[in-house]
1. Looking at L103, L114, L96 in this structure, which one is open to solvent by 30 Å² or more (accessible area, probe 1.4 Å) and touching a residue at least 60 places away in the same chain (Cβ under 8 Å)?
2. Can you find even one residue in region 261-272 that is touching a helix residue (DSSP H, G or I) at 6+ places or on another chain (Cβ under 6 Å), among the charged types (D, E, K, R) and open to solvent by less than 10 Å² (accessible area, probe 1.4 Å)?
3. Acidic (D, E), surrounded by 17 or more Cβ atoms within 10 Å (Cβ to Cβ) and under 30 Å from Q140 (Cβ atoms), is that true of D196?
4. Please count how many residues of region 178-192 are within 13 Å of F240 (Cα to Cα) and surrounded by 14 or more Cβ atoms within 10 Å (Cβ to Cβ).
5. Hey, S220 hits all of (1) open to solvent by less than 50 Å² (accessible area, probe 1.4 Å); (2) part of a helix (DSSP H, G or I) but one; which does it fall short on?
6. Which of the following residues is polar (S, T, N, Q), on the phi < 0 side of the Ramachandran plot and in a helix (DSSP H, G or I): S105, S122?
7. Among the candidates L7, L26, L89, which residue alone is closer than 30 Å to G145 by Cα and either at pLDDT 90 or above or touching a helix residue (DSSP H, G or I) at 6+ places or on another chain (Cβ under 9 Å) (or both)?
Amino acid sequence: MIESTALKYFREVTLRGSIKRAAESLRIAPSAISRQVQGLEDELSAKLFERGARGMSLTGAGHLLYRYAVESQDKLDRIRGQVEEFDSLQRGHVKLATVEGLLASFVSDFVVDLSKDYPGISITVTTAGTSGVAEKVGRQEVDLGLVFGRAPRRDLIELARMRQSLCLMVAPDHPMAVREYCAIKDLAGLRVILPDPSFGIRQEIDRACAKANVELDLYSETNSIAFLRTIAMKTGIGTFLPRDSAMPELLAGTLVAVPLRDKRLEATQVTLVQLATRNMTPSGLRVAQLLVERMKERKS
């Protein structure tokens, strides 16, 4: 009903090479096709076919109209598929890249809820540092990305931001565990394990310490947030993470989060990004919308 009958018949005649064969394919009378083709020629004031012994071939004007007819059908097919997916949201696959720190609580909770509310939408989750996540989004390897800090590339658009203040994470018996908060100057000489420099967390800590002229006692560095938590939990070595990154340990009482009294570190955030030029599928749009809503809830 969306596409005109005349355009449909014209395309079939072009493919079959004659009105008779088109009529057989569409199972309608040849006269009905002939009237529609003639109507197109009258409307455009142009001859669309050359009639010959071997059948019908397109004129120059006919080639222009056929190109339009094919493109129109392709667009209509895509729209039909998207409308069907919007209508039911029973199928679809979305790829999400995220910084590892969000896996422990925010992303895992989101995926669990998504599987309950939209069982037909599957999701692939991969982890990387902020620069790696941005690169995956930019190369269109994933649909959406969660990065630490602001979007690090100009070709990415920010869909939502969520506060993720950095805290000092230590074991319950650590001397710093009893403090209500600590300033950057209080960290001088503190033995720590840190994420490697590709992580946004590390970059923020390095900036804050450099500004305050504070030097940490760096015991080790790693590209694994899980390893950071384990070392901090089992030793007297501290690390720096947002609360979400260590929520299971905080709830279990095996780690303590000491807030950092620093404007920049208190204002750190994670950002949901997508490539500005990417055409999202309906399922991708839905997941993005749900993530935006979840992040707004956390902000409030």
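1. Values: L114 fails: open to solvent by 30 Å² or more (accessible area, probe 1.4 Å); L96 fails: open to solvent by 30 Å² or more (accessible area, probe 1.4 Å).
When all the criteria are applied, what remains is L103.
2. No, that holds for no residue.
3. Details: acidic (D, E): yes; surrounded by 17 or more Cβ atoms within 10 Å (Cβ to Cβ): no; under 30 Å from Q140 (Cβ atoms): yes.
Taking the combined requirement at face value, the residue does not satisfy it.
4. 5
5. Evaluating S220 over (1) open to solvent by less than 50 Å² (accessible area, probe 1.4 Å); (2) part of a helix (DSSP H, G or I) leaves (2) as the failure.
6. Values: S122 fails: in a helix (DSSP H, G or I).
So the residue among S105, S122 that is polar (S, T, N, Q), on the phi < 0 side of the Ramachandran plot and in a helix (DSSP H, G or I) is S105.
7. Details: L7 fails: closer than 30 Å to G145 by Cα; L26 fails: closer than 30 Å to G145 by Cα.
Criteria check complete, one pass: L89.
Listed here are the residues, each with its yes/no results for (1) of a type in the set (D, E, K, R); (2) closer than 19 Å to G149 by Cβ.
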site: P195; (1), (2): no, yes
site: E204; (1), (2): yes, yes
site: T235; (1), (2): no, no
site: L272; (1), (2): no, yes
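The values are calculated or read from the model by the stated rules, or taken from the named source; none is laboratory data. This structure is a prediction, so every number in the text was calculated from the model and none was measured. No Cβ is skipped: glycine too gets one built from the backbone with ideal geometry, and neighbour counts run over all protein chains shown. For the accessible areas, the whole protein counts, side chains as well, though only heavy atoms, and no ligand, DNA or RNA atoms are used. Shrake-Rupley method; radii C 1.70, N 1.55, O 1.52, S 1.80 Å.
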